[in-house]
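We did not get these values from a lab; they are worked out from the coordinates using the rules stated. This structure is a prediction, so every number in the text was calculated from the model and none was measured. Cβ coordinates were reconstructed from backbone atoms using ideal geometry, including for glycine residues, and neighbour counts include every protein chain displayed.
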Amino acid sequence: MIQQEYRQNSLDYWNNVHKEYNRETIKVDDWLERFDSIIDNSSKPILDLGCGGGNDTLYLITKGKQVISCDQSENAIKNIIKNFPEVKETRCFNMLDGIPFEDDSFEVVIADLCLHYFNDGDTRSIISDIHRILVPGGHLILRVNSINDVNHGAGRSQWGRF
Ligand SMILES: C[S@@+](CC[C@H](N)C(=O)[O-])C[C@H]1O[C@@H](n2cnc3c(N)ncnc32)[C@H](O)[C@@H]1O
């Protein structure tokens, strides 16, 4: 019940955040640059988990990579389809239900600021699913908020823990 409420609140929140974007407003940030050699060497499409507005998707397509962009938010996915026709594929799903790709599908998975919302058990299960869809020796490149973020207070849950 609490988890169901959390899921609905999270979905409503992100659908509201991702109402409408134009491509020109999407800003690429440089955090992925340090992983360029890993990204450049990927011969398979790259998975952008929790893609949101698509800043990492944009970084990857600008580098000529094939990208599969995923999010729980239908609005995020609508914007990706509208703004980035170069994207190979989009998928709308909740990671708490599992990540719907075959084993060994990817050499690189990007998870930017989308894996810090869950309790320990769910986080482990999502990481284990990412491990499953990565080829042996593949890379998960992720960024998470710190619980010690004194500047912005990030790391404290907006919707409570369950
Ligand atoms: C802070 S935004 C990050 C967006 C983008 N990766 C970036 O760094 O700009 C977090 C994103 O994760 C998505 N997300 C959160 N929980 C999710 C879940 N359980 N399953 C799928 N996507 C989820 C949200 O819908 C949101 O778009």
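Relative contact order for the chain using alpha-carbon pairs under 8 Å, separation at least 6, rounded to a whole percent?
Values: 250 pairs, mean separation 35.6, N = 162.
The value is 22 percent.
Show me, for region 10-25, the HN-Hα J-couplings you get by feeding each phi into the Karplus relation (A = 6.51, B = -1.76, C = 1.60, θ = phi - 60°), rounded to Hz, glycine and proline as x.
For region 10-25, the Karplus curve yields 5, 5, 4, 4, 6, 5, 5, 4, 9, 3, 7, 10, 10, 3, 5, 8 Hz.
Suppose each label sits 7 Å from its Cα in the direction of the beta carbon; what would the E24-E102 distance come out to in nanometres?
Once both label points are built, they end up 4.2 nm from each other.
How large is log10 of I(q)/I(0) for the chain at q = 0.09 Å⁻¹ when the intensity is taken from the Debye formula with one equal scatterer per alpha-carbon?
Log10 of I(q)/I(0), two decimals: -0.29.
Going by how many other beta carbons lie within 10 Å of each one, how would you line up T90, T57, T62, fewest first?
Values: T90 21, T57 28, T62 10.
Ascending number of Cβ neighbours within 10 Å: T62, T90, T57.
Hey, what number do you get for the chain at 222 nm if only DSSP H runs of n ≥ 4 count, each worth -39500 (n - 2.57), divided across all residues, to the nearest 500?
On the way: 5 runs with 53 residues, N = 162.
About -10000 deg cm²/dmol.
7 Å from Cα along Cα→Cβ at both H116 and N145: what's the point-to-point distance in nm?
0.6
Below 12 angstrom from the Cβ of I61, what's the summed charge of the other residues (Lys, Arg +1; Asp, Glu -1)? Write down the numbers at each step before the final one.
Details: positive: R23, K63, K65, K88; negative: D48, D56, E86.
Local charge sum for I61: +1.
For region 66-149, report the % of Cα-Cα distances exceeding 22 Å. Walk me through the numbers before you get to the answer.
Numbers: 968 of 3486 pairs.
Tail of the P(r) past 22 Å holds 28 percent of the pairs.
Short version: ³J(HN,Hα) in whole Hz for each residue of region 108-113, in order, from phi by Karplus 6.51 cos²θ - 1.76 cosθ + 1.60 (θ = phi - 60°), x for Gly and Pro, what are they?
9, 10, 9, 9, 9, 6
Search the structure for amide H atoms under 5 Å from the amide H of Q66, placed 1.01 Å from N in the peptide plane, and list their residues when 5 or more places away or on another chain.
Correct list: I46.
Report the chymotrypsin sites (Phe, Trp or Tyr not before Pro) located in region 6-99 that are in a DSSP loop and have at most 16 other Cβ atoms inside 10 Å of their Cβ, or state none.
Working: sites: Y6, Y13, W14, Y21, W31, F35, Y59, F93; in loops: Y21, F93.
Answer by residue number: F93.
At 7 Å along Cα-to-Cβ for each site, give me the label-to-label distance between Q8 and E89 in nm.
Placing both labels 7 Å beyond Cα along the Cβ direction yields 3.2 nm.
Let me make sure I get this right: for region 108-151, a, b and c are the square roots of the gyration tensor eigenvalues over alpha carbons, sorted descending. Under 1.5 in a/c it's rounded, otherwise prolate if a/b > b/c, else oblate. Which is it?
Details: a/c = 3.35, a/b = 1.66, b/c = 2.02.
Because a/c hits 1.5 or more and a/b fails to exceed b/c, region 108-151 counts as oblate.
Got a sec? Which residues in region 80-120 would a label at N16 touch, if it sits 7 Å along Cα→Cβ and we count backbone N under 11 Å?
Answer for region 80-120: none.
Anything over 19 Å Cα to Cα? Flag those among K19/K44; K44/K82; K19/K63; K19/K65; K27/K63, in the order listed.
Details: K19/K44 30 Å; K44/K82 23 Å; K19/K63 27 Å; K19/K65 26 Å; K27/K63 15 Å.
Flagged as over cut-off: K19/K44; K44/K82; K19/K63; K19/K65.
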